[in-house]
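First up is the structure itself, then whatever we jot down about it.
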Amino acid sequence: MSSDPFERPRAANGRAPDVFKTGGWIPMRQHRDVDEVDFAIVGTGAGGGTLAARLAEKGFSVVAFDAGPYFRPLEDFASDETAQEKLYWNDPRVVQGADPIVMGGKNSGKTVGGSMVHFAMVSLRFRPEWFKARSTLGYGADWPIGWEEMWRYYDQVERDLSISGPITYPWGPPRPRYPYRPHPMNAAAEVLARGCEAMGMKWTPTPLATVSAPRGEAHPCVYRGFCRFGCSTNAKQSTLNTYIPRAIRAGAEIRDLAMVGRIETDAGDRATGVHYHRDGQWRFQKARNVIVAGYAVESPRLLLNSATDRHRDGLANSSGLVGKNLMTQPNQAVYGKSKDEIRWNKGPPSLAITEHWNYDDEKDFHGGYCWMGQGPLPIEWAKTMTTSRGIWGDELRLAMQDYNYQVGVKMVGECLPSENNRVELADQKDRYGLPVAKITFGWSENDKALIRHALDQMEMSMEAAGVTDLFRQEEDANHLGGTVKMGDDRRSSVLDADCRSWDVPNLFVCDGSVFPTVGGVNPSLTIQAIALRTADRIEQLAAHGDL
Amino acid sequence: MTERSFPGYDVLDKRDTPSWNDATRSAIDARLAVPREPRFFSSDEFATLEAVCDRILPQPADRQDPVPLAAYVDAKIFSGQLDGYRFDKLPPQGEAWKIGLAALDHEARDRHNARFRDLSRADRDNILREMQQGRLEGDHWQGMPLKLFFMKRVVHDVTDAYYGHPTAWSEIGFGGPASPRGYVRMDKNRRDPWEAAEGKPGQEERALVENKHVV
Ligand SMILES: Cc1cc2nc3c(=O)[nH]c(=O)nc-3n(C[C@H](O)[C@H](O)[C@H](O)COP(=O)(O)OP(=O)(O)OC[C@H]3O[C@@H](n4cnc5c(N)ncnc54)[C@H](O)[C@@H]3O)c2cc1C
Ligand code: SF4
């Protein structure tokens, strides 16, 4: 067994863990705190890890910080729901509002590689119109980026992650073939397909970020089904085993167990570096530019915690929008019983999907949604049963014995932005003495209409597939966005199209928080596409002396 | 509803097979070795907690080594392991539990002039059900929203403990840990030889034999 990844940093002494080799190391360039590096990046997840790789590959000096440990999947990852809670952001956060958002494992990771280390690998593109939702569909907000440009960056991420997917994708404009063949369907996916066909809807094997054939040192997926708890075989193509090793090879330094508490600014409007806590003490890393990529709760929290006399309401917050417009995605589900043994824990949870209602606009509410197959493991399944059906005691214990026969589908939907939904600072402090985030959320009437529609449609499809004893999971949400939004206008957004702060020109935010709208699909492919674009834009800005 | 059975199936039989890696073995070994004595709760509170766990997840009377649910609830709080969020209306987990356990005893005294732990199953269930429905009142609850406390703390913590235990996995026929071997047969009604066989009526003998070969 390897050392305790929480005890002391592993990326140190000129080397970082080789995630592909038990006990292996790769050489890593390191910087001193007093060296003014080109980029200090806060967070190494979908946004930060991807940027670290691309910026280092373009020749910039990069130090990327993560508050979490540097895991070695082959050695550190157990096949176990409880033990793997170590992947989550478990530090305190206060949740409130009409529909408080459950955080922790449901929502955010704290490890080198970020939430992708435990994400479900569903890798979807936005519907093109969503980038101009306000002008083309009449709701939400327009993005400052167009879909054609994003399409090119999607191509690039899909190649970088060797996404496994169908030969032709049924919805949206043409896209290149996915690099790897689709995964075989499990019984749960077959039920989804049957339901869709009965309703006259298209379905497809889900494009997934786990390899269906060997790739470099990564073995193909073995269908163990613990994806949401970390992939101990490296089949999953998370930031941890793709962009992070690339970043280090290209000269970036990763600092694990390094919590950034504050961004420092000079007397004017420029960031000068970051204060971070590592090895038991506070330190300061000088940097020419700072990129925040801590996800939609920690990014606004850091900006708010970096307030100064000059930036009283928090850094980059002249618009007053830092922390506002928090969106989560409706994640309701319909479950029931099959007469066949399904054993839905086998394989990645979402092997089939339908995006029908993302592309069909015959609805009396705004926004869209998709639904996908499910395979919750016992603890999560028990939680679904208790919260959705209110059962406990003998009734629960007996109902749980149908585990191998259960089947269901779960939506990922579009929530509309609202300034009432927000991230602020609480009075409570964390172990570093920093105010923790207070998260306020409630669904809007439009969100509720969308959820009702989706639950009805999913229920009809399950019924059509012959599933019985149906029940609805009415309460669930996932994926966050919107709290540091990009836009065309400094009064109505925090960042420009390049993810650069309107107020502090050498400060960028590049992660899930930049989304002006969240669309009706899982977000990380889009986060990574934006990160790739931001890296290219930074290179261009630097070439013109605009950085 | 009747109980399903997976005769002779024990997830732990796979401990030394390719379905378990070292990280899993050490995680489960540590779980099975959980200290049975309370370290966070007083022994008095712990006795009430056990009486609650007993109703949230009643275990078969003939089970030789019941899952020590209260010990897991205690261990989680004692180790300082957090959920990553706290409902603004609920106190931190340890405090919420302490208030709740004391309040349950208070309810039991008011109604039956007894400790909660000494009540019959039906009486305990009645009080718990009223808590679930938010129908209990009094200063002893210290303003805690009951429905939230019941579902998001009591039931949450006890079911996490139970369904995180190999005994529960064997009970529901779940394959348990699966790395690095994973699974091969993905279609409906197909079982890999290292998965549980169900003793459906009339097939108990066969299932027993198949489960002997689950390695
Ligand atoms: C259970 C689950 C399943 C999911 N499934 C899917 C899916 O199938 N498909 C999909 O597209 N998306 C999925 N997602 C969502 C996806 O993982 C996230 O949207 C995405 O990873 C967010 O990227 P990010 O860069 O914004 O943040 P993250 O990837 O979360 O990275 C943020 C990192 O920043 C670090 N950090 C934060 N603040 C600080 C600080 N102050 N100092 C130092 N470090 C800091 C954190 O430790 C973390 O590692 C899932 C998420 C979860 C939780
Ligand atoms: S099912 Fe595949 S992707 Fe998921 S954890 Fe197992 S090997 Fe990794």
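The values are calculated or read from the model by the stated rules, or taken from the named source; none is laboratory data. What you are looking at is a predicted structure, and each value in this text was computed from that prediction instead of being measured. Here the Cβ is made from the backbone with ideal geometry for all residues, glycine too, and neighbour counts use every protein chain on show. The area values use the complete protein model at the heavy-atom level, side chains included, leaving out ligands, DNA and RNA. Shrake-Rupley method; radii C 1.70, N 1.55, O 1.52, S 1.80 Å.
Computed from the Cβ-Cβ distance with R0 of 51 Å, the FRET efficiency linking A:S135 to B:Q81 stands at 0.60.
Calculate the tail of P(r) for the protein assembly as shown: the fraction of all Cα-Cα distances greater than 37 Å, expressed in %. Display every interim value, and only then the final one.
Details: 113881 of 289941 pairs.
For the protein assembly as shown, the share of Cα pairs beyond 37 Å comes to 39 percent.
Between B and A, roughly 5300 Å² of accessible area is buried in total, ligands, DNA and RNA not counted and the probe set to 1.4 Å. Short-range pairs are left out: with C-alpha atoms under 8 Å and at least six residues apart, the relative contact order of the range A:466-513 is 27 percent. Shape class for the range A:353-470, computed from the alpha carbon gyration tensor (a ≥ b ≥ c): oblate, with a/c not under 1.5 and a/b at or below b/c.
Which of the GluC sites (Glu not before Pro) found in the range B:51-137 are loop residues per DSSP with 15 or fewer other Cβ atoms within 10 Å of their Cβ? Could the numbers behind the result be given before it?
Values: sites: B:E95, B:E107, B:E130, B:E137; in loops: B:E137.
In loop regions of the range B:51-137 (DSSP not H, G, I, E or B), the sparsely surrounded GluC sites (Glu not before Pro) are B:E137.
Computing the accessible area with a 1.4 Å probe over protein heavy atoms, can you report the carbon and sulfur percentage for the range A:15-543?
Values: 7430 of 15820 Å².
Summing carbon and sulfur atoms, their accessible area is 47 percent of the total for the range A:15-543.
Could you give the size of the charge dipole of chain B about its Cα centre, using +1 on the Cβ of each K and R and -1 on the Cβ of each D and E, expressed in debye and rounded to the nearest 20? That gives a dipole near 500 debye.
Taking a label point 7 Å from the Cα of B:Q142 along the Cα→Cβ vector, which residues of the range B:86-115 have an amide N closer than 18 Å to it? Counting backbone N atoms under 18 Å from the label point, the list is B:86-108.
Distances between placed amide hydrogens fall under 5 Å for A:Y88 paired with A:K110, all partners being 5 or more residues away or on another chain. Database remark: amide H of A:I291 closer than 5 angstrom to the amide H of A:A40, A:I41, A:V42, A:F508 (H placed geometrically; neighbours at sequence offset of 5 or more, or on other chains; Pro and chain starts carry no H). Under a 5 Å amide H cut-off, with hydrogens placed 1.01 Å from N, A:R278 pairs with A:R283 among residues at least 5 apart or on other chains. Dipole size of the protein assembly as shown about its Cα centre, with +1 on Lys/Arg Cβ and -1 on Asp/Glu Cβ: approximately 1240 debye, rounded to the nearest 20.
Electrostatic tally near A:Y180: other residues with Cβ closer than 13 Å to its Cβ, Lys and Arg +1, Asp and Glu -1, net +3.
Relative to the longest principal axis of the Cα atoms of chain A, the long axis of helix A:147-160 makes an angle of roughly 90 degrees. Of all lysines in the structure, those lying under 26 Å Cα to Cα from A:K339, and not within fewer than 8 positions of it along the same chain, are A:K202, A:K383, A:K410, B:K188, B:K200, B:K212.
For the range A:10-116, rounded, prolate or oblate, judged on the Cα gyration tensor with a ≥ b ≥ c (square roots of eigenvalues), a/c < 1.5 rounded, else prolate if a/b > b/c? Before the final figure, lay out each step's value.
Numbers: a/c = 2.51, a/b = 1.41, b/c = 1.79.
Oblate.
Each Lys or Arg adds one and each Asp or Glu subtracts one; over the other residues with Cβ under 9 Å from the Cβ of B:Y72, this totals -1. Farthest towards the positive end of the charge dipole of the range A:15-543, among the residues A:S108, A:T386, A:L87, is the Cα of A:L87, using unit charges on the Cβ of Lys, Arg, Asp and Glu.
Rounded to whole numbers, the Karplus 3J(HN,Hα) couplings from phi for the range A:102-115 are 6, 9, x, x, 5, 9, 7, x, 9, 7, 4, x, x, 5 Hz, using 6.51 cos²θ - 1.76 cosθ + 1.60 with θ = phi - 60°, and x at Gly and Pro. Label zone (A:A213, point 7 Å along Cα-to-C-beta; backbone nitrogen cut-off 18 Å) within the range A:154-173: A:158-168. Evaluating 6.51 cos²θ - 1.76 cosθ + 1.60 at θ = phi - 60° for every residue in the range A:264-271, the Karplus couplings come out as 8, 10, 7, 5, x, 10, 10, 7 Hz, glycine and proline recorded as x. A simple rule links phi to the HN-Hα coupling: the Karplus curve 6.51 cos²θ - 1.76 cosθ + 1.60 with θ = phi - 60°, which for the range A:198-210 gives 5, 8, x, 10, 7, 9, 7, x, 6, x, 10, 8, 9 Hz, with x for Gly and Pro. The A:M199 and B:R185 beta-carbon pair, evaluated with R₀ = 35 Å, returns a calculated FRET efficiency of approximately 0.80.
Please label the shape of chain B as rounded, prolate or oblate, based on the square roots a ≥ b ≥ c of the eigenvalues of the alpha-carbon gyration tensor (a/c under 1.5 means rounded; beyond that, a/b larger than b/c means prolate, else oblate). Write down the numbers at each step before the final one.
Working: a/c = 2.42, a/b = 1.86, b/c = 1.30.
Here chain B falls in the prolate category.
When the Kirkwood hydrodynamic radius is evaluated over all pairs of different C-alpha atoms of the range A:180-324, what value in angstrom, to one decimal, is obtained? Write down the numbers at each step before the final one.
Working: mean 1/r = 0.0515 Å⁻¹.
After inverting the pairwise mean of 1/r, the radius is 19.4 Å.
Taking 7 Å steps out from each Cα toward its Cβ at A:I167 and A:D456 produces label points 3.8 nm apart. Remark: spin-label model distance A:Y432-B:A61 equals 5.6 nm, labels positioned 7 Å along the Cα→Cβ axis.
Could you tell me how many degrees, from 0 to 90 and to the nearest 10, lie between the Cα long axis of helix A:295-305 and the main elongation axis, the longest principal axis, of the Cα atoms of chain A? Once rounded, the angle reads 30 degrees.
Here's the picture: charge each Lys and Arg Cβ at +1 and each Asp and Glu Cβ at -1 in the protein assembly as shown, and of A:A252, B:A197, B:L104 the one pushed furthest to the positive end of that dipole is A:A252. Using C-alpha pairs under 8 Å with a sequence gap of at least 6, the mean separation divided by the residue count of chain B gives a relative contact order of 37 percent. Remark: relative contact order (chain A) = 22 percent; criterion is Cα-Cα distance under 8 angstrom and separation of 6 or more residues.
Using only the Cα atoms, work out Rg/Rh for the range B:102-215, with Rh taken as the Kirkwood radius, to two decimals.
On the way: Rg = 21.5 Å, Rh = 17.9 Å.
Reported Rg/Rh (Cα atoms, Kirkwood Rh): 1.20.
Neighbours of B:Q93, meaning other residues whose beta-carbon lies under 13 angstrom from its beta-carbon, give a summed charge of 0 when Lys and Arg score +1 and Asp and Glu score -1.
What accessible area per residue comes out for the protein assembly as shown, rounded to a whole number of Å², with a 1.4 Å probe? Please list the in-between numbers first.
Working: 26790 Å² over 762 residues.
About 35 Å² of surface per residue is accessible.
Rounded to the nearest 10 degrees, the inclination of helix A:46-57 to the longest alpha-carbon principal axis of chain A is 50 degrees.
About the Cα centre of the range A:256-348, how large is the charge dipole given +1 on each Lys and Arg Cβ and -1 on each Asp and Glu Cβ? Please answer in debye to the nearest 20. Please list the in-between numbers first.
Working: 14 positive and 10 negative charges, 45 e Å.
Computed about the Cα centre, the dipole is about 220 debye.
Ratio to report: Rg/Rh of the range B:1-109, with Cα atoms as the point set and Rh obtained by the Kirkwood method; give two decimals. Kindly include the intermediate steps, with their values, before the conclusion.
Working: Rg = 17.2 Å, Rh = 16.6 Å.
Reported Rg/Rh, Kirkwood definition of Rh: 1.03.
Separation of the range A:219-294 from the range B:54-85 is 35 Å, based on Cα centroids. For the peptide B:17-25, the mean number of other protein chain Cβ atoms found within 10 angstrom of a residue's Cβ is 5.
So if R0 is 35 Å, what FRET efficiency would A:D4 and A:R312 give, r being the distance between their Cβ atoms, rounded to the nearest 0.05? Write out the running numbers ahead of the final one.
Numbers: r = 41 Å, r/R0 = 1.18.
For R0 = 35 Å, the calculated efficiency reads 0.25.
Counting only complete DSSP H runs, which helices of chain B cover 18 Å or more along their long axis at the Cα atoms and score a mean Kyte-Doolittle of -1.0 or above? Intermediate results must be reported in sequence, preceding the final value.
Details: long enough: B:43-56 (20 Å, 0.10); B:93-112 (28 Å, -0.96).
In chain B, the long hydrophobic H runs are B:43-56, B:93-112.
Restricting the count to DSSP beta bridges whose residues both fall in the range A:15-543, what percent are antiparallel, rounded to a multiple of 5? Mind dumping the intermediate values first?
Working: 50 of 70 bridges.
Here the share of antiparallel DSSP bridges comes out near 70 percent.
When only alpha carbons are used to place a centre, the range A:465-503 and the range B:160-211 end up 39 Å from one another.
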